[in-house]
There are 2 protein chains.
Amino acid sequence: MTARPVIALDAMGGDSGPAAVIAGAELARERYPKLLFRFYGDETAIRAELARAPRVGAEAVVVHTATQVLGTDKPSQVIRRGRGTSMGLAIEAVKAGEAQALVSAGNTGALMSMAYLALRTMEGINRPALAALLPTLKNDSVVLDLGANVECDAENLIQFAVMGAAFARVVLGVERPRVALLNIGEEELKGTEELKEAAMLLRAVDLPMRFEGFVEGDKIGQGNVDVIVTDGFSGNIALKTAEGTGKLVTGLLAEAFKTSWLTRLGYLLSRGALRALRAHLDPNAHNGAVLLGLNGIVVKSHGGASVRGIANAIGVAHDLVVADVARKISDDLANFHAHRPAAVDLTSAK
Amino acid sequence: MTARPVIALDAMGGDSGPAAVIAGAELARERYPKLLFRFYGDETAIRAELARAPRVGAEAVVVHTATQVLGTDKPSQVIRRGRGTSMGLAIEAVKAGEAQALVSAGNTGALMSMAYLALRTMEGINRPALAALLPTLKNDSVVLDLGANVECDAENLIQFAVMGAAFARVVLGVERPRVALLNIGEEELKGTEELKEAAMLLRAVDLPMRFEGFVEGDKIGQGNVDVIVTDGFSGNIALKTAEGTGKLVTGLLAEAFKTSWLTRLGYLLSRGALRALRAHLDPNAHNGAVLLGLNGIVVKSHGGASVRGIANAIGVAHDLVVADVARKISDDLANFHAHRPAAVDLTSAK
């Protein structure tokens, strides 16, 4: 932990390029005046934006590169020729210890593959997991894995639970987060063998979390748990389905308001409240998915994130660095392994 | 096919018992005057309701039983002692040929297990799949499997695609339904091996459907495909997450309208349009999940379905019987097996 955390920023990632990234950094700097930034990408473009960002500009380091990862690049292509890109250099900065975290709004698959290859997993973690905050009726909930791993065994799920709980303590400020495994029923006998085994082990060991067993997909939006753990396939399906349904309902709502002059007037009168609803669901308010479990903090911003969205993603990176989340995860895992039951006998639990 | 389809009704399933079931049958009879019903459950309660249902009452067969499956019963318990229940007798009626379809609003797990054991799968189908309609921005889409099978291989997914397409032709009236596999990306190389193999085989064979490849969870709500095929784990997660998100957004909306007298007035003016929105998303308008692939048509109504919801579920059963959906599925499967590539070589496609 340094007194002044350094964040490496991929200035070329995302739909709005350097303009949004640097304005986002400037906004984040308002909240975290000690933050330092290293920018990777087209130097001319970056310097032009920094001229408009006085807080960040004075102390910024700019590393020029002419290449960048495109949204259409496949992970396999990126691994071959991604090292010199703005994203690749930002990752290398974390690996070299020049920065403690990196934020990129670029290609998710490329970021996960390159970061995994360059930074490697922390000791005790077999696979990294992509975690993000989802809006609920109450506070936000952490959901992971959102797509880093198509298939997961019980050990992966337990590691995700530990990482998700540590993330929730930092980002949601909950001391003993309520953690649950996503399943197709709440009864102990439901779901895959991996889920049953993970549930049994999480029940058996005392960790800095409250393990709540299984939850179903319709409970995600209720906000009764702080961390929802699942494999990357189901997590991705749940996240995207939630996004799609949110758009479906708000799309139908917009149409509904257009049906007559009466409903148009109704819309005008309710506008302020509807704006609050949109804000509650706005992905920019929840921006910053984190690839947890690597030797270094990797934050993925939405490609279409606004300036405020980028600032939020930088804020997440800042909080994780300051709280030293990696050490929390290591400690909890060590504690888990010290107390786990010697052998798991799933049949006796049936 | 009989000239007058007979539907077996589990009168005791669902939250409202015989009252909703019989009123639902009466409403369905308005639309389908040729339908005949067999009711299973408490005869006194059923007769009391039939006295208020003149269309159905005159020709109804009532089979008394004092036992019923409870919502809390586990599938294993039900298999041991479920045969004499109202649900079990309705299933037996289909098996014995006394009815062509059954509708129950009871315990889903019990219904799936008992129906599977009693009716067995159709020739060419390894496992039945639970299919239902989901609302989208356009027409409804069919999604399956919604939870009958936790894990699926490529062969299962192909059978689900064939069954889902046949279901869509009958229920949505689309001649060549657009069919897609639910995945975590749209590129050919994404997802599990099962998904890749199923996609390759569906691409290779000409079936009465348009195979559209992979779709992600956020596309479900857009209605650009008619049938979405997935394993029962992911399908259940997607369905429940969509339900939960729908409730989250409409819950936040209701709160938003309560923030001031202005927004309350806005709500009053927009009420009609909002009612139309609710109707579009109302589960009762989409009621009737179907367990496809068994020797007999099994329709599961929501436990909390309204009279209109029950009538819709009966309508789905009626349409499937009249269209002889089982024969459509058999023909399509035979066609698929006659033309499938001799050996699947996944590596050559990469």
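Since every read-out is calculated from the coordinates, none of them should be taken as a lab result. Please read these numbers as outputs of a predicted model, since none were measured by experiment. Please note: Cβ atoms are built from the backbone with ideal geometry, for glycine as well, and neighbour counts cover all protein chains shown.
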Inset, instruction - Identify the residues of region B:1-23 with backbone N under 13 Å of a label point that sits 7 angstrom from the Cα of residue B:48 along the Cα-to-Cβ direction, or state none. - result: B:17-20
Inset, instruction - Report, by chain and number, residues whose modeled amide H sits under 5 Å from the one on residue B:213, excluding near sequence neighbours (fewer than 5 apart, same chain). - result: B:181
Inset, instruction - Compare A:327, A:340, A:271 in a GNM of chain A, Cα atoms joined below 10 Å, and give the one with the largest fluctuation. - result: A:271
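In square nanometres, what is the average projected area of the Cα convex hull of region A:183-268?
Numbers: hull surface 31.2 nm².
Taking a quarter of the hull surface, the average projection is 7.8 nm².
Expressed as a rounded percentage, what relative contact order does region A:1-119 have, with Cα pairs under 8 Å and six or more residues apart? Intermediate results must be reported in sequence, preceding the final value.
Working: 217 pairs, mean separation 39.4, N = 119.
Relative contact order for region A:1-119 comes out at 33 percent.
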Legend entry - Projected label distance in nm at residue B:189 and residue A:260, using a 7 Å step from Cα toward the beta-carbon: 5.6 nm
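Step by step: find N for region B:1-119, compute 2.2 N^0.38 Å, then divide the Cα radius of gyration by it. What's the final number? Present the calculation step by step, with values, prior to reporting the outcome.
Values: Rg = 13.4 Å, N = 119, 2.2 N^0.38 = 13.5 Å.
Against the compact-globule rule of thumb, the ratio is 0.99.
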Legend entry - Whole-Hz couplings from phi, Karplus 6.51/-1.76/1.60, listed for region B:66-83; x for Gly and Pro: 8, 10, 8, 7, 8, x, 8, 5, 7, x, 5, 5, 5, 5, 6, 10, x, 4
Legend entry - Förster radius 22 Å - calculated FRET efficiency between residue B:96 and residue B:117, Cβ distance, rounded to 0.05: 0.90
Inset, instruction - Using a Gaussian network model of chain A whose springs link C-alpha atoms within less than 10 Å, name the residue from A:317, A:101, A:48 with the highest mean-square fluctuation. - result: A:48
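Helix-only mean residue ellipticity at 222 nm, chain B, DSSP H runs n ≥ 4 weighted -39,500 (n - 2.57), per residue, nearest 500. What is it? If you can, show how the numbers build up before the last one.
Working: 12 runs with 164 residues, N = 350.
Helices in chain B give a 222 nm mean residue ellipticity of -15000 deg cm²/dmol.
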Legend entry - GNM top mover of B:63, B:225, B:170 - chain B, alpha-carbon springs below 10 Å: B:63
Legend entry - Ratio of the Cα radius of gyration of the protein assembly as shown to 2.2 N^0.38 Å, where N counts its residues: 1.03
Inset, instruction - Provide the descending list of Cα extents for chain A along its principal axes, expressed in whole angstroms. - result: 66, 62, 37
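How large is the convex hull of the C-alpha atoms of region A:224-292 per residue, in Å³? Numbers along the way, then the final one.
Values: hull volume 7.5 nm³, N = 69.
In region A:224-292, the Cα convex hull volume per residue is 108 Å³.
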Legend entry - Dmax and Rg, reported as Rg then Dmax, of region A:100-216 (C-alpha, Å): 14.7, 43
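All other residues with a Cβ under 12 Å from the Cβ of residue B:257 taken together, and with Lys, Arg as +1 and Asp, Glu as -1, what is their net charge? Let's see the in-between values first.
Values: positive: A:271, B:258, B:264, B:271; negative: B:255.
So the environment of residue B:257 carries a net charge of +3.
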Inset, instruction - Report, in whole Å, the centroid distance computed from the Cα atoms of region B:104-150 and region A:242-311. - result: 33 Å
Inset, instruction - Can you quote the Å³ per residue value for the convex hull of the Cα atoms in region A:53-166, rounded to an integer? - result: 167 Å³
Legend entry - Shape metrics for region B:197-327, restricted to C-alpha atoms - Rg then Dmax, Å: 19.1, 61
